[in-house]
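Chemist: The structure's right below; bear with me while I get my questions together.
The values are calculated or read from the model by the stated rules, or taken from the named source; none is laboratory data. Just so you know, these numbers come straight off a predicted model, no measurement behind them. In this analysis, Cβ positions are derived from the backbone assuming ideal geometry, glycine residues included, and neighbour counts consider all displayed protein chains.
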Amino acid sequence: MMPLRSDASLPSLAVQKQFWDERYTARSLPNEWQVRRGDVVRRWLLSLRLPRPRILDFGCGTGWFAGQLAGLGEVTAIDLSAAAIAIARSHYPHVNFIAGNLFDVSLPSGYFDVVISQEVLAHVERQDDYLDRCAAALRPGQYLIITTANKFVMDRLGWPQPPGHIEKYLNMRAFKRLLSRRFSILQAASIVPIPVGDRGLLRLANSRKLNALASRLLSESVVEHLKGRARLGYTLIALTRRIS
């Protein structure tokens, strides 16, 4: 992850680095939800039909997704966590991995065809600046595919969040409004409904009895699609194009 910090109430950069180093050292492989999210990102990327695109992966973690992207084009991948990048380099030596804060890393301006940003936006203080950085890396008219945790769901999960990282979750309206300053939004959706959380509307959405009945009447995939349409997905995703 790539923080930019000025608010003294937020964890320091050193604390954030330690948080992500410890997290990725303890768990280097993606969980099921992350894999499903990555499948959607990859599908949207393929829909653009770009021949061997130059891809920038911001917040690449241990590099499992950057490794997949390398089969599609030229990939540069960045993460704050040196521990994550060490793991990534050991598994995917053919990818250009960079350890560091993306605001300090020197990147060619207007070079990339696609920026991929998975679950970084909520962990930076000044989100406008982060999106400016994404836009600056792209050629005019090229694409950002971005995901972030859905505030509507996060507020209803009841999960205690560990200290050491920034948490600035967005709902769909705020997500689109933030993006629209630098990007035109081609698609936006809520994806990966998860069977946990029992506060508010999630109590109904995750009822085992109701889900079993709905799956018999429709199908599990249709039920999941409807939950996504209702913006009950754990993840918000947008396919956007840089405004020239």
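Chemist: Pairs needed: first member in the range 69-82, within 20 Å of Arg43 (Cβ to Cβ) and in contact (Cβ under 8 Å) with a residue 40 or more places away in the chain; second member anywhere, acidic (Asp, Glu) and crowded, with 23+ Cβ neighbours inside 10 Å; C-beta distance under 9 Å; at least 6 residues apart or different chains.
Modeler: Filtered contacts from the range 69-82: Leu69/Asp57.
Chemist: Take Leu45 and tell me if it is surrounded by fewer than 16 Cβ atoms within 10 Å (Cβ to Cβ), out of contact with any helix residue (DSSP H, G or I) (no Cβ under 6 Å at 6 or more places or on another chain), on the phi < 0 side of the Ramachandran plot and not in a strand (DSSP E or B).
Modeler: Considered against the rule, which asks whether it is surrounded by fewer than 16 Cβ atoms within 10 Å (Cβ to Cβ), out of contact with any helix residue (DSSP H, G or I) (no Cβ under 6 Å at 6 or more places or on another chain), on the phi < 0 side of the Ramachandran plot and not in a strand (DSSP E or B), Leu45 comes out as no.
Chemist: Additional query: Could you please give the count of residues in the range 151-169 that are out of contact with any Phe, Trp or Tyr (no Cβ under 6 Å at 6 or more places or on another chain) and more than 22 Å from Ser12 (Cα to Cα)?
Modeler: The qualifying residues number 6.
Chemist: Something else: When you look at Ser180, is it polar (S, T, N, Q) and touching a residue at least 60 places away in the same chain (Cβ under 8 Å), yes or no?
Modeler: no
Chemist: Pick out the one residue from Ile98, Ile116 that is at pLDDT 95 or above, hydrophobic (A, V, I, L, M, F, W, C), at negative phi and surrounded by fewer than 19 Cβ atoms within 10 Å (Cβ to Cβ).
Modeler: Checking each option against the conditions leaves just Ile98.
Chemist: When you go through Ala83, Ala66 one by one, which is the residue that is in contact with a strand residue (DSSP E or B) (Cβ under 7 Å, 6 or more places away or on another chain) and at negative phi? Write out each step before concluding.
Modeler: Details: Ala83 fails: in contact with a strand residue (DSSP E or B) (Cβ under 7 Å, 6 or more places away or on another chain).
Answer to the check: Ala66.
Chemist: Which of the residues spanning the range 81-96 are of a type in the set (Ser, Thr, Tyr) and touching a Gly at 6+ places or on another chain (Cβ under 7 Å)?
Modeler: Within the range 81-96, just Tyr92 meets the criteria.
To keep it simple, each residue is scored yes or no on (1) surrounded by fewer than 22 Cβ atoms within 10 Å (Cβ to Cβ); (2) among the charged types (D, E, K, R).
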| site | (1), (2) |
| --- | --- |
| Val120 | no, no |
| His123 | no, no |
| Asp129 | yes, yes |
| Pro140 | yes, no |
| Leu144 | no, no |
| Thr148 | no, no |
| Val153 | no, no |
| Gly164 | yes, no |
| Glu167 | yes, yes |
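Chemist: Restricting the search to the range 65-90, which residues are of a type in the set (D, E, K, R) and surrounded by fewer than 21 Cβ atoms within 10 Å (Cβ to Cβ)?
Modeler: Across the range 65-90, the qualifying residues are Glu74, Arg89.
Chemist: Filter the range 101-113 down to the residues that are crowded, with 20+ Cβ neighbours inside 10 Å and modelled with pLDDT under 95 and list them by number.
Modeler: Leu102
Chemist: Right, another one. Would you check if Val15 is in contact (Cβ under 8 Å) with a residue 12 or more places away in the chain and crowded, with 19+ Cβ neighbours inside 10 Å?
Modeler: For Val15, the condition - in contact (Cβ under 8 Å) with a residue 12 or more places away in the chain and crowded, with 19+ Cβ neighbours inside 10 Å - is not met.
Chemist: How many residues, within the range 151-177, are of a type in the set (Lys, Arg), free of Cβ contacts under 8 Å to residues at least 12 places away in the same chain and under 25 Å from Leu204 (Cα atoms)?
Modeler: The number of residues fulfilling the criteria is 1.
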